[in-house]
Each structure stands twice: as C-alpha cells, then as structure tokens.
C-alpha cells in the first residue's frame, strides 16, 4: 500500500469505528478485540487492497451495514499470517481473506460461504464465538475473480 492509501484506509476505518460507537452498535458475534478501532482500519485497508487487485474503484462505505465490501465480494481480514477465513451462520456469497498488518497485507484466497459450512471447519477458538474457520489451504485463488471481473467489464456491466 502507498502512504496515501494507508492514510485513506485509516481515515475510513477510524470514521467507521466512530460512527458505530456513536450509534451504539456493539461488535457483531461477540467480538471483543483489544483494539477495535485498529480492527476497523485493518478491514478498510483489506478492502482497498482487494479493490486494487481487481482493478476496481473502492467505494469506501462509512458504515458496516452494507451487503458487500468490494464489487459484490465480502472481505475478511486478520493480522495473523496463518489466519483462517471466518464464516458465520448467516454469511452467504464469496468471501476473500486478507492477512497481515497495514501496510503489509496479502490476499490469501477466496471461497463461497455456502461451501465452507462443513463440520470439519467448525471451531470455537475464542469462547462464545463459534464459526466455520476455513484454512488457507482450502481457499481458491483470487485470480479467477480477476478474470471474471475483466469479463464483466468487457461486457459493459
């Protein structure tokens, strides 16, 4: 990420955090991180990295109440290099996993949520926060999304 991109993602993530707290929104699924604002910044930065990879404009939403993050895809981020893709019971669609810390982020792959809801992926690494956790080895290359995005643009969609 460039310095300008880091500044942009930081501003968006910080504003998302501020708006959510002002609205009294609690973190979803029992999330209780030591640095919730930093987590919002990481999420915003991950979205920007995915948008750049796909060659699309990042429509930086200022709220977390949205259907998708980038061009019809959901983006999940974790600071852990070996982190897994977390899928919740009400998740659907394609999810992209990004790992690392700002500005050093790496897209690890993607998977359709509906295909991730398998018994072998069910886990509860933090008490009270069960979900499906898909290992990186089970993710699909994001390159096929890049090809699909190019085809979509060529059709004028």
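Can you spot a residue in the stretch 106-122 that is in contact (Cβ under 8 Å) with a residue 60 or more places away in the chain, under 25 Å from residue 14 (Cα atoms), over 11 Å from the mean Cα position of the chain (by Cα) and surrounded by fewer than 20 Cβ atoms within 10 Å (Cβ to Cβ)?
We begin by selecting, within the stretch 106-122, every residue in contact (Cβ under 8 Å) with a residue 60 or more places away in the chain; these are none.
No: zero hits.
Among the residues of the stretch 94-129, which ones are assigned to a loop (DSSP other than H, G, I, E, B) and either in contact with a strand residue (DSSP E or B) (Cβ under 6 Å, 6 or more places away or on another chain) or at pLDDT 95 or above (or both)? Spell out the reasoning first.
Narrowing the stretch 94-129 to residues assigned to a loop (DSSP other than H, G, I, E, B): 102-103, 117-118, 124-129.
102, 103, 117, 118, listed by residue number.
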Problem set entry | residue 60 being surrounded by 14 or more Cβ atoms within 10 Å (Cβ to Cβ), out of contact with any helix residue (DSSP H, G or I) (no Cβ under 6 Å at 6 or more places or on another chain) and closer than 19 Å to residue 8 by Cβ | no
Problem set entry | Residues satisfying the stated conditions in the stretch 73-89, i.e. within 12 Å of the chain's Cα centre (by Cα), modelled with pLDDT under 95 and not in a strand (DSSP E or B) | 79
Seminar exercise, completed: For the stretch 132-157, pairs from a residue that is modelled with pLDDT of 80 or more to a residue that is in a helix (DSSP H, G or I) and surrounded by 12 or more Cβ atoms within 10 Å (Cβ to Cβ), with Cβ under 6 Å and 6 or more apart or across chains, are 132/116; 132/121; 133/121; 134/116; 134/121
For this session: Kindly list the number of the only condition in (1) in contact with a helix residue (DSSP H, G or I) (Cβ under 9 Å, 6 or more places away or on another chain); (2) within 20 Å of residue 6 (Cβ to Cβ) that fails for residue 94.
Result: (2)
Problem set entry | Any chance residue 62 is modelled with pLDDT of 95 or more and either more than 25 Å from residue 134 (Cβ to Cβ) or part of a helix (DSSP H, G or I) (or both) | no
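The values are calculated or read from the model by the stated rules, or taken from the named source; none is laboratory data. All values reported here derive from a predicted model rather than from experimental measurement. Cβ coordinates were reconstructed from backbone atoms using ideal geometry, including for glycine residues, and neighbour counts include every protein chain displayed.
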